[in-house]
């Protein structure tokens, strides 16, 4: 693979990863989905495929599970019997 191809793959990967972070943040912190579930799943699959094909990219997408807690939602305390 030539340098320009490597750079293109890395740039594509970074963009997809940044998009995924943005979508996760919106979904988990703002309770708002910016893309359909199908498009989200496709993006995750594309990222995972790039990570498998180009091991040097790492697997940063595996670290993107959920999002930090937010104070936007009401706290509900359940009562045990």
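Given Cα pairs under 8 Å that are at least 6 residues apart, what percent is the relative contact order of the range 3-63? Mind dumping the intermediate values first?
Details: 26 pairs, mean separation 18.0, N = 61.
About 29 percent, as a whole number.
By how many nm would the segment from residue 45 to residue 2 grow when fully extended, if each residue of separation counts as 0.36 nm and the alpha-carbon distance is taken off?
Values: separation 43, 0.36 × 43 = 15.48 nm, distance 2.46 nm.
Additional length available on full extension: 13.0 nm.
Looking at the square roots a ≥ b ≥ c of the eigenvalues of the Cα gyration tensor of the range 3-63, which shape do they give, rounded for a/c under 1.5, prolate if a/b is larger than b/c, or oblate?
Note, shape of the range 3-63 comes out prolate.
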Exposure proxy ranking, count of Cβ atoms within 10 Å, fewest first, for 36, 78, 12: 78, 36, 12
Ranking of 35, 6, 47, 55 by count of other Cβ atoms within 10 Å, fewest first: 55, 6, 35, 47
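Bear in mind that the values in this text are calculations on the coordinates, not laboratory data. All figures in this text were calculated on a predicted structure; none of them were measured in a lab. We place every Cβ from the backbone using ideal geometry, glycine too, and count neighbours over all the protein chains shown.
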